[in-house]
């Protein structure tokens, strides 16, 4: 019934309207005739009839409103009318749409990042049920690496909440020899249940079976990732059954993982999967890795919750398991509790609460993007308000023609929603472009990291939601005002309506805008300062003219002795080359992939109560290392060729270690033991200056170096100090290595200076500063437009008043002051609000900064001054225009 | 005016219109005069309420309309009750009777 009526009303609209008109007019005529019959004169009768009727158009409109389909019809009208208005004012439309597009675009780009890191489920069956386990330690830390026996115990004891558990030994770099080629492959060693738990189907062949992987060295099979298969085996289906070798050990390729599956830790592009037992072929793994509880805690446990179970449901069981394990193995598993966390692309952070930093970063940047959005909204709301007062007459005329107030308000809301949707379209385009840009970032890391900030329905829903909210927020106040305005006032007063109330609202909006952009700029400034601090960190070594090349002899099937001989001969050959000052080998390099640490036993050192057992980071280096790196030797001697596997094991320690464990004593000649190798006590032969050894932001702690001949490490990095530009030497040196051993994989060939810009170096800081600065600049731009808009509009509204003042003898400087004072008041209030608001979030921000406090007064002051200058410049233009008002023109105006 | 009252009044207006049309077809002014007459002037229906009500009831299917000549040879839209309209009038009348009886009792109690 409703539908047929609605359709009929729509198709026969013209006829129905004409009939309605005739009907209502006829009524009035008949009413008049009735009155004439009763003796009233004709003119009087018509007048009375009209008064009784209460307006033909109003009656018609009221009648139309009850018709079926009325809402849709008027909506369509509103849309058409709105579109026409936007077309008629292209300047306004372009500015508003662009502003909104920038706001929505920034939000979309940031959100697609957050979406990928934290929201997007893995491409597996019921991804929402997949979790990974984190143990909270008694000393407050977190741990997500477990030993294999741990894994078995947890699996047995948590069967009531998890349907499947699998262990992943994440990210191992292996050498793959196939068809006479030497390839590198980043692998996961997974327990047999891994693929079954994920519930995915292989693109080709089969996966590792639950029965495989529990015996060391058994089940020599390999599953390739789809992209690796495409890249290195040309997508050839015959790859299944192919015999290849991993680090020199024969394995058979049994299958290919589905497209788009990057492994359970999706940020890292896992290229191959081996059964966990095959970790035995890895020289680094200890032989007893399947039974050892304490040394091999590197298994990440991934667990599938039973259908219908939530993380919270699993908690009580996990608490019990953690307690039981802690009681059973108090020395090893000092666990307070254990919890399950949803697994997304973001990698489980090692030894820290993995959720925290990412949540803060995501929250902060979403907040900043939201601020940009707010600023954009305020700008557009201001534009709409200004237009609203210009359109007061139009609204009054429409009201006089029978439009209801609700209808007028709806019309304005429709227009602002239309604007917002246009802005949304533009914003999505900008957002996708921004996401692409972020995805294509070269992280300069040897690890294959996949960034995939692609567009999907969640991002779309977010952008659309933001746009709709914007449309309503932006259009609400103007619509309310338009619908409340008094018809008579507007029609009578003409253009010069009293605008005090409106002006106040607009000023408040601009105060909010200045405050918001101040927040954005301060945060951006803090990030930039933090980057500067990191850039000026005293590295303790000289990165210029140093070339790094990593090699992994174990991938070529070398054992320790053979590797050492290889390196020794290589160094001899290279040192003879012209242009090379010094050459050395190191197990790890600053900003590199690998870093090592161990707990120590130091004779005569007792840790104070509550303090941890002594520990230190370490590296293993050949003689000449300190010369190559330009790390000054403060005391004692460098390593010598005579420090061999059979002589007394020696160590060179850094200042921090000397200060920490031998304060006030001469450390040279003293001994300590490394927990991993208690049979070989180390004698300290030298002390070197502190230098950065790991990530650039790490504080420099106790660190020692061992002689490479006494502590073999693989992979290892060849480091060369050159006299010429190090880049120019690369090819020749690669040639020498290849001649010496064609099968030797060489990777991470990069200058030390370049390494500083990678993920472990400055990259994150550059990225954060860049992102925050872009948002800050966007905010500044929007604030300038806002301040300029409001002050110049206010000045133009006061042209008449200014004219009178000048005519009455006001000095131009006084006029300037008057306009300026208003601007200053707005800016000052905005600054005050902004500073307080920023102080409110400063602690959160501070957790992401290095070397700068969240309340850094310099940043606050500099940004406030910058914003004041910019805002006052924005005030100056309208103020000068007002100053030049010609009193005669102003008075004649209107 | 609260919502309950509006609904009551709207229902009442519908009922009065249908009651007026029960005797035969009529145009807008005729209906409004007829209502005045049968309620002895208690209800004066303004065109702003009458026309929306007529059009709504026509869409509900209670009334049908046709164009005809008025007493003074003027083209006018005439409304008449449909079958559904008569049924509706009956239900409304019964309902109204129940309500007024109940209220009467309530006031007497």
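What strands (runs of 3 or more DSSP E) lie completely within the range A:217-283 and have 1 or more residues being out of contact with any helix residue (DSSP H, G or I) (no Cβ under 8 Å at 6 or more places or on another chain) and over 27 Å from residue A:558 (Cα atoms)?
On the way: elements: A:221-224, A:243-246, A:249-256, A:272-275.
Result: A:249-256.
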**Asked** Does any residue of the range A:640-655 turn out to be in contact (Cβ under 8 Å) with a residue 60 or more places away in the chain, closer than 17 Å to residue A:604 by Cα and surrounded by 15 or more Cβ atoms within 10 Å (Cβ to Cβ)?
**Response** no
**Item:** Within the range B:50-65, tally of residues that are at the interface with chain A (Cβ under 8 Å from one of its Cβ atoms) and surrounded by fewer than 17 Cβ atoms within 10 Å (Cβ to Cβ)
**Value:** 1
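Could you pull out the residue among B:16, B:89 that is in a helix (DSSP H, G or I) and either closer than 26 Å to residue A:55 by Cα or within 14 Å of chain A (Cβ to nearest Cβ) (or both)? Steps first, please.
Values: B:89 fails: either closer than 26 Å to residue A:55 by Cα or within 14 Å of chain A (Cβ to nearest Cβ) (or both).
Result of the check over B:16, B:89: B:16.
Show me the helices (runs of 4 or more DSSP H) found entirely inside the range A:747-844 where at least 3 residues are in contact with a helix residue (DSSP H, G or I) (Cβ under 8 Å, 6 or more places away or on another chain) and closer than 30 Å to residue A:696 by Cβ.
So the answer is A:764-797.
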**Complete:** Within the range B:66-83, the residues that are within 12 Å of chain A (Cβ to nearest Cβ), over 20 Å from residue A:33 (Cα atoms) and surrounded by 17 or more Cβ atoms within 10 Å (Cβ to Cβ) are B:79
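Table: residues versus (1) under 30 Å from residue A:6 (Cα atoms); (2) touching a strand residue (DSSP E or B) at 6+ places or on another chain (Cβ under 7 Å); (3) free of Cβ contacts under 8 Å to residues at least 12 places away in the same chain.
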residue	(1), (2), (3)
B:19	yes, no, no
B:58	yes, yes, no
B:77	yes, yes, no
B:93	yes, no, no
B:100	no, no, yes
B:109	no, no, yes
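Output yes when any residue across the range A:11-18 is within 10 Å of another protein chain (Cβ to nearest Cβ) and surrounded by 14 or more Cβ atoms within 10 Å (Cβ to Cβ), and no when none is. It would help to see each step written out before you state the result.
Here is the first cut: in the range A:11-18, the ones within 10 Å of another protein chain (Cβ to nearest Cβ) are A:16.
So of that shortlist, the ones also surrounded by 14 or more Cβ atoms within 10 Å (Cβ to Cβ) come out as A:16.
For the range A:11-18, residues within 10 Å of another protein chain (Cβ to nearest Cβ) and surrounded by 14 or more Cβ atoms within 10 Å (Cβ to Cβ): present.
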**Request:** Name the single residue, out of those in the range A:28-58 being in a loop (DSSP other than H, G, I, E, B) and surrounded by 12 or more Cβ atoms within 10 Å (Cβ to Cβ), that is farthest from the other protein chains (Cβ to nearest Cβ).
**Result:** A:40
**Request:** Residue by residue through the range A:621-639, note down the ones that are assigned to a strand (DSSP E or B) and either free of Cβ contacts under 8 Å to residues at least 24 places away in the same chain or crowded, with 19+ Cβ neighbours inside 10 Å (or both).
**Result:** A:621
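Applying the selection to the range B:31-61, what residues are more than 21 Å from residue A:16 (Cβ to Cβ), out of contact with any helix residue (DSSP H, G or I) (no Cβ under 8 Å at 6 or more places or on another chain) and part of a helix (DSSP H, G or I)? Break it down stepwise before answering.
Restricting attention to the range B:31-61, the residues satisfying the condition of being more than 21 Å from residue A:16 (Cβ to Cβ) are B:32-46.
When the remaining residues are screened for being out of contact with any helix residue (DSSP H, G or I) (no Cβ under 8 Å at 6 or more places or on another chain), the result is B:33, B:36-37, B:40-42.
Hits for the range B:31-61 are B:33, B:36, B:37.
All of the numbers you see were taken from the coordinates with simple rules; none came from a lab. Note that the structure is predicted; figures quoted are calculated from it, not measured. No Cβ is skipped: glycine too gets one built from the backbone with ideal geometry, and neighbour counts run over all protein chains shown.
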